[in-house]
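The values are calculated or read from the model by the stated rules, or taken from the named source; none is laboratory data. Values in this document were obtained by computation on a predicted structure and should not be read as measured data. Positions of Cβ are generated from backbone atoms using ideal geometry, with glycine treated the same way; all protein chains shown enter the neighbour counts.
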Amino acid sequence: MSTAVKPIDTRALDRSSGNFALIDTLRKWGVTFFSGVNGGGLIHVTKHLEPFLGLRHSGDRVPRMQTMGEYVAGFVPLGYYLASGRIAGCLTTTGAATKLGSSGITDAKLHNIPAVYLIALNSTLSIGRSPLQDVSEHGMNIVPQLRAELGDACIVLDDLDKMGEQLELAQSILAESKPVAIAFHPDVLSKDVDLEVPSRERPRMLDQVDADRFVNEFPEISRGRRVIIYAGAEASRCPGIVPLTTQLSELLQAPTVWSVNGANAISPDNPYGYGYISFGGNDEAMKLWRSMTPDDIVITLGFDSGEYSLNLSTIPAGHVWHFTAWNEPYGHKDGDFRHRVDGDYRVVRGDIEQTLEYMLPLLKGKVKDRPAVRIPTDLNTRTISRDVRAGCVDAFDFYAELHRSWRPHSIGFDDVCTAYKDRQYVAQRPHPSIPFHTVHDGSAMGGAFGLGVGARAADSSLHTFVFSGDGCWRLYGGALAEASNLGLNLFIINNERYAIVDKGLEVVIPDWEKERYHGVLQNIDFVAAAKAHGWDGYRLRADLGNLDDILNACYAASGKGRSVLVDVPIDADQVIGLNPRLYNLTTDTYL
């Protein structure tokens with residue numbers, strides 16, 4: 001009996017319904033990749049999607065669906081966008097699937113990442129009749145939940161006469177670098193509709209009035225005063241930003257710090273680089289930040305306002321200039337961040353890259369009387385213990401060797417584990433061959449696996465590395481089979497602990513016995529688990545003696561399409577990057 005897939009008879013495809021119109025409209029906008037699980041209210045939408053069957057389909061711009069468990073699928077569009085700058089989608093069928101995918105929705109919101117979430121509701125004919133997975137007001141009441149989080153970005157297609165107008169709204173929200181949830185009733189969407197919502201590109205723009213005001217006012221205000229530059233994630237989304245931030249630092253002789261995602265806007269050769277700030281922050285960067293007074297001036301390229309970036313505090317500088325093209329990003333109040341600044345606050349609107357390109361030539365020769373700045377070479381001053389238990393790697397050496405070993409055209413993702421505070425501390429500066437991303441503001445364990453899957457689906461030429469914890473594994477381990485043919489590289493930081501909890505509670509509740517920390521995990525043979533799911537698996541030796549061979553296998557994986565898992569045995573008691581948030585938890589103020 002033949003097992004060949006029968007080609008679809010395109011004449012049988014329904015091309016007049018709202019189901020087809022939705023997929024075709026998204027296709028015209030460039031949204032062609034979707035991840036999720038089919039069933040229930042989705043089936044008449046997903047029948048218009050080709051299957052995604054591996055790397056040969058990566059980035060091919062054909063509307064496709066990748067079958068992937070919904071928790072992972074919720075994060076896939078984020079990784080897809082961060083790797084390619086193109087928008088992708090997640091599909092969730094009625095009920096629990098939407099809740100599984102919602103962690104990805106949250107991080108898309110908190111990190112200002114455009115993504116499309118297609119969410120099936122109950123048929124209108126079934127409401128009030130106790131349908132399976134009732135999401136109506138009689139059951140989960142899912143739409144108010146989504147609207148409470150997304151506001152107008154939760155769009156319900158319940159009237160096809162309004163569908164065009166609603167999709168226009170969705171497109172404008174995506175253009176603001178925000179996610180949208182498009183929920184629909186299957187019986188409504190199956191009706192015929194005549195729809196045309198063309199793609200409308202949002203131009204990258206310069207606000208010349210704001211830029212000229214800065215050029216005219218800044219030189220005199222900054223005379224003789226220290227200027228600090230803070231680079232955030234928005235700056236890193238600008239493709240040509242790196243040389244411009246170096247020029248700005250040198251022109252202003254300004255010590256420069258960055259968030260973990262803002263690092264991708266910084267050159268490792270920036271002579272004024274002081275390092276990562278706050279969570280996993282470098283010692284010189286933190287010393288600089290804590291030394292700030294009202295006599296200082298801060299220029300923020302974007303504004304990463306989350307707790308792992310600003311640790312709930314305000315910026316104490318006397319003057320803050322905020323460069324941004326985003327309207328109402330996460331953390332804003334009334335559209336800006338005046339509430340997070342102690343002194344004078346001003347916004348310079350416009351695309352950050354275009355604004356700097358315009359301003360830098362105009363500022364030359366005008367910025368004078370710059371105070372002397374100490375230029376550090378080593379950004380860390382703490383002494384890190386290298387004493388680890390038998391069989392474990394020295395994590396400091398591990399991250400240092402990795403930083404020396406990255407090859408061109410790589411991309412990395414840090415999960416909610418010790419890696420996402422230790423890697424950057426050891427690295428000190430970004431690496432020119434590998435941008436790293438983390439969606440830490442939602443702090444959803446396991447999300448980085450979906451980010452890596454999305455990156456490989458977007459661009460099969462990117463060598464993709466995910467650093468995840470043994471605790472994070474618990475949330476996506478069953479999805480490995482569907483990613484076995486992606487050539488993904490997954491490093492499991494295996495310390496048999498929820499280590500951020502375990503070590504953190506030594507600070508927060510030091511007088512309690514450690515059993516009450518509830519941080520111990522049972523050991524897993526991750527190599528055996530990987531091979532059982534169709535992956536290659538390796539265990540890193542404690543002396544790092546096989547690290548080069550493992551990295552060779554990882555870089556080869558991108559071409560051959562077989563994913564690689566690496567078990568990295570870590571001692572949870574080795575503290576490298578610091579977590580300033582712990583001190584917020586020692587009082588009742590921020591619990």
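Name the residue, out of 573, 536, 548, that is touching a Ser or Thr at 6+ places or on another chain (Cβ under 8 Å), within 24 Å of residue 391 (Cα to Cα), touching a residue at least 12 places away in the same chain (Cβ under 8 Å) and surrounded by fewer than 20 Cβ atoms within 10 Å (Cβ to Cβ). Before you say what the answer is, go through the steps one by one.
Working: 573 fails: touching a Ser or Thr at 6+ places or on another chain (Cβ under 8 Å); 536 fails: surrounded by fewer than 20 Cβ atoms within 10 Å (Cβ to Cβ).
Step by step, each of 573, 536, 548 is checked, and only 548 is touching a Ser or Thr at 6+ places or on another chain (Cβ under 8 Å), within 24 Å of residue 391 (Cα to Cα), touching a residue at least 12 places away in the same chain (Cβ under 8 Å) and surrounded by fewer than 20 Cβ atoms within 10 Å (Cβ to Cβ).
Any residue that is over 27 Å from residue 384 (Cα atoms), part of a loop (DSSP other than H, G, I, E, B) and not hydrophobic (A, V, I, L, M, F, W, C) - is there at least one of those in the range 463-471? Within the range 463-471 (the criterion being over 27 Å from residue 384 (Cα atoms), part of a loop (DSSP other than H, G, I, E, B) and not hydrophobic (A, V, I, L, M, F, W, C)), the answer is no, since none of the residues qualifies.
Residues in the range 159-193 that are closer than 24 Å to residue 302 by Cβ, of a type in the set (A, V, I, L, M), in contact (Cβ under 8 Å) with a residue 60 or more places away in the chain and part of a helix (DSSP H, G or I): 174, 175.
Go through the range 288-306 residue by residue and tally those that are surrounded by fewer than 17 Cβ atoms within 10 Å (Cβ to Cβ) and outside any loop (DSSP other than H, G, I, E, B).
Here is the first cut: in the range 288-306, the ones surrounded by fewer than 17 Cβ atoms within 10 Å (Cβ to Cβ) are 290-291, 293-295.
Cutting the leftovers down to outside any loop (DSSP other than H, G, I, E, B) gives us 290.
Adding up the residues that qualify gives 1.
Out of 46, 25, I need the residue that is surrounded by fewer than 24 Cβ atoms within 10 Å (Cβ to Cβ), out of contact with any strand residue (DSSP E or B) (no Cβ under 7 Å at 6 or more places or on another chain) and not assigned by TED's automatic domain parsing to the domain that holds residue 235. Which one? Testing whether each residue is surrounded by fewer than 24 Cβ atoms within 10 Å (Cβ to Cβ), out of contact with any strand residue (DSSP E or B) (no Cβ under 7 Å at 6 or more places or on another chain) and not assigned by TED's automatic domain parsing to the domain that holds residue 235 leaves just 25.
Checking the structure you have, find out if any residue of the range 545-552 is within 25 Å of the chain's Cα centre (by Cα) and more than 24 Å from residue 500 (Cα to Cα).
Applying the first criterion (within 25 Å of the chain's Cα centre (by Cα)) to the range 545-552 yields 551.
This time we only want the ones that are more than 24 Å from residue 500 (Cα to Cα), so: 551.
Yes, there is a match, as at least one residue in the range 545-552 is within 25 Å of the chain's Cα centre (by Cα) and more than 24 Å from residue 500 (Cα to Cα).
Table: residues versus (1) hydroxyl-bearing (Ser, Thr, Tyr); (2) under 23 Å from residue 423 (Cβ atoms); (3) more than 25 Å from the chain's Cα centre (by Cα).
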| site | (1), (2), (3) |
| --- | --- |
| 500 | no, yes, no |
| 514 | no, no, yes |
| 520 | no, no, yes |
| 533 | no, no, yes |
| 541 | no, yes, yes |
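Considering the range 205-217, and only residues there that are surrounded by 13 or more Cβ atoms within 10 Å (Cβ to Cβ) and more than 12 Å from residue 358 (Cα to Cα), the residue that is nearest to the chain's Cα centre (by Cα) turns out to be 213.
Please find, within the range 505-528, the residue that is surrounded by the most Cβ atoms within 10 Å (Cβ to Cβ) out of those that are part of a helix (DSSP H, G or I) and out of contact with any helix residue (DSSP H, G or I) (no Cβ under 7 Å at 6 or more places or on another chain).
Quick first cut of the range 505-528, residues part of a helix (DSSP H, G or I) only: 505-508, 514-517, 526-528.
Next, only the ones that are out of contact with any helix residue (DSSP H, G or I) (no Cβ under 7 Å at 6 or more places or on another chain) stay: 506, 514-516, 526-528.
Details: 506: 14, 514: 12, 515: 8, 516: 9, 526: 23, 527: 17, 528: 11.
For the range 505-528, the residue satisfying everything is 526.
Look at the range 503-527: where a residue is within 14 Å of residue 585 (Cα to Cα) and a partner is part of a loop (DSSP other than H, G, I, E, B), sitting 6+ places away or on another chain with Cβ atoms under 7 Å, you get 503/572; 503/575; 504/579; 507/586; 508/585; 508/586.
Residues are listed down the side, and each one gets a yes or a no for (1) on the phi > 0 side of the Ramachandran plot; (2) modelled with pLDDT under 95; (3) among the acidic types (Asp, Glu); (4) buried (at least 19 other Cβ atoms within 10 Å of the Cβ):
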position	(1), (2), (3), (4)
168	no, no, yes, no
177	yes, no, no, yes
196	no, yes, yes, no
232	no, no, no, yes
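Screening the range 402-434 for residues that are at pLDDT below 95 and in a helix (DSSP H, G or I) and picking the one that is surrounded by the most Cβ atoms within 10 Å (Cβ to Cβ) gives 419.
Please determine whether any residue of the range 107-124 is farther than 27 Å from residue 445 by Cβ, not assigned by TED's automatic domain parsing to the domain that holds residue 262 and not hydroxyl-bearing (Ser, Thr, Tyr). Spell out how you get there, then give the answer.
At the first step, the residues of the range 107-124 found to be farther than 27 Å from residue 445 by Cβ are 121-124.
Within this subset, residues satisfying the condition of being not assigned by TED's automatic domain parsing to the domain that holds residue 262 are 121-124.
In the following step, the residues that additionally are not hydroxyl-bearing (Ser, Thr, Tyr) were identified as 121-122.
Checked against the condition, which is being farther than 27 Å from residue 445 by Cβ, not assigned by TED's automatic domain parsing to the domain that holds residue 262 and not hydroxyl-bearing (Ser, Thr, Tyr), the range 107-124 yields at least one hit.
Taken over the range 387-401, the criterion of being buried (at least 21 other Cβ atoms within 10 Å of the Cβ) and either aliphatic (A, V, I, L, M) or at pLDDT below 95 (or both) is satisfied by 393, 395. Considering only residues in the range 346-404 that are more than 28 Å from the chain's Cα centre (by Cα) and among the hydroxyl-bearing types (Ser, Thr, Tyr), the one that is nearest to residue 435 (Cα to Cα) turns out to be 377.
Would you kindly identify the helices (runs of 4 or more DSSP H) lying entirely within the range 208-285 that contain at least 3 residues that are touching an Asp or Glu at 6+ places or on another chain (Cβ under 9 Å)?
Values: elements: 208-222, 233-236, 241-252.
Hits in the range 208-285: 233-236, 241-252.
Among the residues of the range 12-58, those identified as in a helix (DSSP H, G or I) and either hydrophobic (A, V, I, L, M, F, W, C) or closer than 14 Å to residue 68 by Cα (or both) are 12, 20, 21, 22, 23, 26, 42, 43, 45, 46, 55.
None of 541, 562 is over 20 Å from residue 398 (Cα atoms), outside any helix (DSSP H, G or I) and basic (Lys, Arg) except 562.
Taking residue 113, is it within 21 Å of residue 33 (Cβ to Cβ) and in contact with a Gly (Cβ under 8 Å, 6 or more places away or on another chain)? First the steps, then the outcome.
On the way: within 21 Å of residue 33 (Cβ to Cβ): yes; in contact with a Gly (Cβ under 8 Å, 6 or more places away or on another chain): no.
So residue 113 fails the test.
Of all residues in the range 44-56, those being over 16 Å from residue 26 (Cα atoms) and at pLDDT 95 or above number 2. The single condition from (1) touching a residue at least 12 places away in the same chain (Cβ under 8 Å); (2) outside any helix (DSSP H, G or I); (3) farther than 19 Å from residue 423 by Cβ that residue 492 fails is (3).
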